[in-house]
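Heads up, the thing below is written out as structure tokens.
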Amino acid sequence: KCETLFRSNYDGDYIFAFDNIAASGPSYASPSYSVHTDKSQIFGKLFEDRMLPSSKAMVFQGKYILTPAASGLMIVHLRRAMERIFYERYLNALCHDTGITQTALFPVQIQTGASAVMLFQENHDMLMNLGFDIGIVSADTIVVNGVPEGFSCEEGKVRCLVDDLVFILSDSTALLSEVLQQRLAGQFALLAVSHSSMPDSSMEAQRILDSLFSMSNSDFTPSGKKIVTVIETDQI
């Protein structure tokens, strides 16, 4: 599948970072909400220095993707790249109802307690938009029939995922709809990364790069962390 790797929409382009949300809970950190507009820092030379068309990507130490660039070596932070990809995918799903569900071969029934069941009932449509297919069995029990594309359907991982979902949905802070969508997309992106396996082959790494560079902003995560660095040849 061919995709456009670059989008030049620098004027007015900005990065969302999120207000300090909760410090406790699952192992991922919630982003905060602010605006960053230093375009010289964000774009600069990186736009002219993307990977060479015939380059071969490789995964280094399970943390970085290395690939040749026009002026040297490009280093992509793998987890941050995946966070950016998931963020834009979930934000699009929340805005346009485009989530893709991966149906579980064996649905997982979980006793969560009455308060958690109410959370799933109240947020049913939003969870469906993201790709979660969660039904209500009784006043204190749910059944997970499907999860978003990229999540595991294994029972143990589904149970951990449900705990994380309850933590996110329990945050009842009232926000404007657009800000809430961005914050939820950021939280679910971190959740997706924490439940995803890291690619370990050149083909998978290249697929990550193709997806990353089709994003409206491929240089920073939603919370403002740098994703891409280019080391020039004379500095190696």
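Among the residues of the stretch 75-106, just one is closer than 17 Å to Glu149 by Cβ, assigned to a strand (DSSP E or B), open to solvent by 30 Å² or more (accessible area, probe 1.4 Å) and of a type outside the set (S, T, N, Q), namely Leu105.
Does the stretch 86-131 hold any residues that are of a type in the set (S, T, N, Q) and at pLDDT 85 or above, and which are they?
Keep residues of the stretch 86-131 that are of a type in the set (S, T, N, Q), which gives 92, 98, 101-103, 109, 111-112, 115, 121, 123, 129.
Scanning the stretch 86-131 gives Asn92, Gln109, Gln111, Thr112, Ser115, Gln121, Asn123.
Applying a threshold of 6 Å to beta carbon distances and a minimum spacing of six or more residues, or different chains, the list of pairs starting in the stretch 61-73 at a residue that is farther than 11 Å from Val228 by Cβ and open to solvent by 40 Å² or more (accessible area, probe 1.4 Å) and ending at one that is small (Gly, Ala, Ser) and assigned to a loop (DSSP other than H, G, I, E, B) reads Pro68/Ser55.
Taking the stretch 107-121 on its own, how many of its residues are part of a helix (DSSP H, G or I) and in contact (Cβ under 8 Å) with a residue 12 or more places away in the chain?
Final tally of qualifying residues: 6.
Each row is one residue, and each column tells you yes or no for (1) in a loop (DSSP other than H, G, I, E, B); (2) among the basic types (Lys, Arg); (3) surrounded by 15 or more Cβ atoms within 10 Å (Cβ to Cβ).
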{"position": "Ser152", "(1), (2), (3)": "yes, no, yes"}
{"position": "Arg183", "(1), (2), (3)": "no, yes, yes"}
{"position": "Leu190", "(1), (2), (3)": "no, no, yes"}
{"position": "Ser197", "(1), (2), (3)": "yes, no, no"}
{"position": "Ser214", "(1), (2), (3)": "yes, no, yes"}
{"position": "Pro222", "(1), (2), (3)": "yes, no, yes"}
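Gly156 fulfils the conditions (1) out of contact with any helix residue (DSSP H, G or I) (no Cβ under 7 Å at 6 or more places or on another chain); (2) in contact (Cβ under 8 Å) with a residue 12 or more places away in the chain; (3) farther than 14 Å from Ile85 by Cβ except for a single criterion, (2). Filtered by the rule that a residue be surrounded by 17 or more Cβ atoms within 10 Å (Cβ to Cβ) and touching a helix residue (DSSP H, G or I) at 6+ places or on another chain (Cβ under 6 Å), the stretch 130-147 gives Leu130, Ile134, Ile142, Val144. Scanning the stretch 110-129 for residues that are crowded, with 16+ Cβ neighbours inside 10 Å and more than 25 Å from the chain's Cα centre (by Cα) turns up Ile110, Thr112, Val117. State which residue is nearest to Lys56 (Cα to Cα) when the search covers only the stretch 175-207 and only residues that are modelled with pLDDT under 85 and among the hydroxyl-bearing types (Ser, Thr, Tyr). Among them, the one singled out is Ser197.
Looking at Asp163, is it over 30 Å from Val228 (Cα atoms), open to solvent by 50 Å² or more (accessible area, probe 1.4 Å), without any contact (Cβ under 8 Å) to a residue 12 or more places away in the chain and not in a strand (DSSP E or B)? Considered against the rule, which asks whether it is over 30 Å from Val228 (Cα atoms), open to solvent by 50 Å² or more (accessible area, probe 1.4 Å), without any contact (Cβ under 8 Å) to a residue 12 or more places away in the chain and not in a strand (DSSP E or B), Asp163 comes out as no. In the stretch 209-236, the residues that are of a type in the set (Asp, Glu) reach residues that are open to solvent by less than 30 Å² (accessible area, probe 1.4 Å) and not in a loop (DSSP other than H, G, I, E, B) with C-beta atoms within less than 7 angstrom, at least six apart or across chains, in these pairs: Asp219/Ile42; Asp219/Leu46; Asp219/Val228; Glu232/Gly72.
The values are calculated or read from the model by the stated rules, or taken from the named source; none is laboratory data. The structure presented is a predicted model; accordingly, all values stated were derived computationally and were not measured. Ideal geometry is used to build each Cβ from the backbone, glycine not excepted, and the neighbour counts take in all protein chains shown. Each accessible area value is taken on the protein alone, full model and side chains, heavy atoms only, with ligands, DNA and RNA left out. Shrake-Rupley method; radii C 1.70, N 1.55, O 1.52, S 1.80 Å.
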